[in-house]
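Asks: Structure provided below as C-alpha cells; questions to follow.
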Amino acid sequence: MVKRIASVVLVVGLSGCVLGPDHVRPEMDLPDGWEATKVAASPAARIDPQWWHAFGDPVLTDLVEEALARNADVSLAAARVAEARAILNLRDAERYPLLRAQASGARQRSSADTAVPGGGQIVGDYSVAAVLSYEIDLWGRLARANEAARAQLVAGEATQAAVRLAVAADVATGYFNLRALDQQIDVAQRTVQTRQESYRLQESRYRNGAISQLAFRQAESELAAAEAELPSLRRQRALQVNALSVLIGGTPREILQPAAMAGRSIEDFPALPDVPMGLPSGLLERRPDIRAAEQQLRAANAEIGIARAAYFPTLSLTGLLGTQSEELSGLFNGPAKTWQFAGDLAAPIVDFGRTRANVRAAEARREQAVVNYQQTVRVAFREVLDALESRTAAVDRVAAQDRQIVALRETARLAQRRFDEGYSDYLEVLDAQRSLFAVELARITTQQSRLRALVDLYKALGGGWQLPAGDGQAG
C-alpha cells in the first residue's frame with residue numbers, strides 16, 4: 001500500500017508547475033573599467049579577504065582578528081545566518097512527505113439505563129498506524145518558498161561578509177586615528193619642550209633688560225598655547241582607545257583598563273600600493289553588499305510565486321496503514337489490519353481580495369528590492385571613485401606639506417637669527433614657530449587621511465586585490 005501511495009505522489013508531484021517570474025538581474029549601465037580615473041585591474045585579479053596584512057603591523061592584525069572573533073555585530077550576523085540556514089532546512093523538509101506514527105487506546109462502558117442497543121457493555125478501541133501525509137506542489141508554492149529561503153540564506157551569508165568587512169575597516173581606521181594622535185601628542189610634547197627652553201631664555205633676557213616685556217609675554221603665551229593642545233589630544237586618544245575597545249568586543253573591565261595598543265608610527269606604514277591597472281567593473285559584483293542585495297531581490301521575486309499560488313487549488317494526500325482492534329491482545333492479528341487513502345482538494349472561491357492584495361504586496365516588495373539593488377550598485381561605484389580621489393588628494397597633500405615643513409623650519413631658523421642679531425622683533429619668531437607647529441600637526445592628519453583612503457578603497461572593492469605572479473604589485 002505504501003508503494004502505491006508513493007507512486008501516486010511521485011506522478012502527481014512531477015506534473016506540477018511553478019508560478020511567478022524567474023529571477024533576472026536588473027540591467028545596469030556599468031563601465032568596463034576605470035578609464036576616467038586611470039584605475040583598473042587584470043581580469044585575473046581576485047579579492048584578498050585579509051587585506052589588513054598589507055599594512056605590516058602585527059598590532060593592527062591582532063586587533064582586526066580579535067574584532068572579527070568578538071564583535072557584537074559580527075556575532076549577530078552569524079546568528080542570523082544560522083537562522084536562515086534552519087529556515088532553508090525547514091522549507092526543504094516541507095517539500096517531502098511526512099511520515100508519522102500514530103497510536104491510540106480507549107476502553108469504556110456505556111450506560112445500561114438507555115434505549116441504545118448494547119448498553120452496559122464494556123467496549124475497547126485500540127489502534128496503531130503509520131500515517132503518511134503530503135501536499136502536492138501543483139503550482140510551485142513550496143518550490144518558490146524553498147527558492148526564497150535559499151536566496152535569503154545566501155543574502156545572509158553575504159551580509160555577514162559585509163559586516164566583517166565593515167568591522168575590519170572600522171578597526172583599521174580607528175587604529176590609524178590612534179597612531180596619528182600618538183604622533184600629534186609627540187609633536188606637541190616636543191614643541192612644549194622647545195618653547196619651555198625658549199621661555200626660560202627670554203625670561204632671563206627680559207630680567208637682564210635685553211628684551212621688552214612684550215616679547216617676554218609673547219613667548220609665555222606661545223608656551224601656554226602649545227601646552228593647551230596636549231589635554232585635548234590626550235582626551236581624543238582616550239576616546240579612541242575606548243571606541244576600539246568596544247569595536248573589538250571588549251568587556252567593561254577591558255574598556256576601563258585598555259591595552260596600550262602601541263604599534264607602528266603613522267610615519268612608518270608602507271607607501272600606498274599601486275592600484276592594479278585594468279580592474280573591471282565586475283570586481284564590484286563581488287562586493288558582499290551587492291551580492292546580498294541581488295539575493296534579496298531573488299527572494300522577493302520568488303515570493304510573488306508564493307502569493308500567486310493562493311489563486312489555485314491545493315491538493316493534499318493522506319495514507320494510513322495499521323491495525324485496529326477492540327482488544328489489545330488482538331491488535332496485531334491478521335483481521336485487525338486497516339488502511340486508508342484520502343485526498344483533500346481545497347480551492348478558493350471568494351476571499352474578498354485577500355490573495356490579490358498579497359500578490360500586489362509581493363510585487364511591491366520586489367520593486368523595492370530592484371531599487372535597493374540598483375542603489376547599492378550606484379553607491380558602490382561612488383565609494384570606489386571617492387576612495388580613489390581621496391587617495392590621490394592625500395598623496396599630493398603630503399608631498400606639498402613636506403615641502404612646506406622644510407620651508408617653515410628654515411624660516412623659523414632665520415627668524416630666530418634675525419631676532420638674536422636685533423634685525424627684527426620676536427613676533428617674526430613666534431609666527432614662524434606657530435606656523436610650523438600647525439603644519440606638523442596637519443601633516444600627521446593628512447598621513448592619517450592617506451591610510452584611511454586606502455582602507456576605504458579596500459572596503460569599496462570588497463577587500464584587497466591579488467594578482468597572478470608577474471602581473472604587477474598586489475595590495
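Asks: Test of understanding: what is the full-extension gain from Asp113 to Val131, defined as 0.36 nm times their sequence separation minus their Cα-Cα distance?
Replies: This chain segment gains 2.6 nm when fully extended.
Asks: What FRET efficiency would be calculated for the residue pair Arg95, Phe341, taking the C-beta separation as r and a Förster radius of 22 Å, to the nearest 0.05?
Replies: Working: r = 21 Å, r/R0 = 0.95.
E between Arg95 and Phe341, to the nearest 0.05, is 0.60.
Asks: In the neighborhood of Asp420, defined by Cβ-to-Cβ distances under 15 Å, what is the net charge if each Lys or Arg adds +1 and each Asp or Glu adds -1?
Replies: Net charge around Asp420: 0.
Asks: What is the calculated FRET efficiency for Ala400 to Glu285, with r their C-beta to C-beta distance and R₀ = 35 Å, to the nearest 0.05?
Replies: The formula returns an efficiency of 0.40 here.
Asks: Moving to a separate point now. With the convex hull built on the Cα atoms of the range 137-216, state its orientation-averaged projected area in nm².
Replies: The directionally averaged projection comes out at 8.4 nm².
Asks: Local charge sum around Val359 (other residues, Cβ-Cβ under 14 Å, Lys/Arg +1, Asp/Glu -1)?
Replies: Once all neighbours under 14 Å are counted, the net charge is +4.
Asks: How would you order 97-110, 206-219, 139-152 from highest to lowest mean count of nearby Cβ atoms within 10 Å? Mind dumping the intermediate values first?
Replies: On the way: 97-110: 10.9, 206-219: 14.4, 139-152: 22.6.
Ranked by mean Cβ neighbours within 10 Å, highest first: 139-152, 206-219, 97-110.
Asks: Between Glu421 and Glu203, what's the calculated FRET efficiency when r is the beta-carbon distance and R0 is 30 Å? Round to 0.05.
Replies: In this case the efficiency is close to 0.90.
Asks: Stretch Gln375-Arg70 to full length: gain in nm at 0.36 nm per residue minus the Cα-Cα span?
Replies: Working: separation 305, 0.36 × 305 = 109.80 nm, distance 3.10 nm.
Roughly 106.7 nm would be gained on extension.
Asks: Starting from the Cα gyration tensor of the range 323-475, take the square roots of the eigenvalues, sort them a ≥ b ≥ c, and report rounded, prolate or oblate (rounded when a/c is under 1.5, otherwise prolate if a/b is larger than b/c, else oblate).
Replies: prolate
Asks: If you stretched the chain out fully between His23 and Ala225, how much longer would it get, using 0.36 nm times the residue separation minus the C-alpha to C-alpha distance?
Replies: Full extension of this stretch gives 66.3 nm more.
Every number here is computed from the coordinates shown, using simple stated rules; none is lab data. Keep in mind that this is a model prediction, so the values were computed, not measured. Cβ: placed from backbone, ideal geometry, glycine included. Neighbour counts: every protein chain shown.
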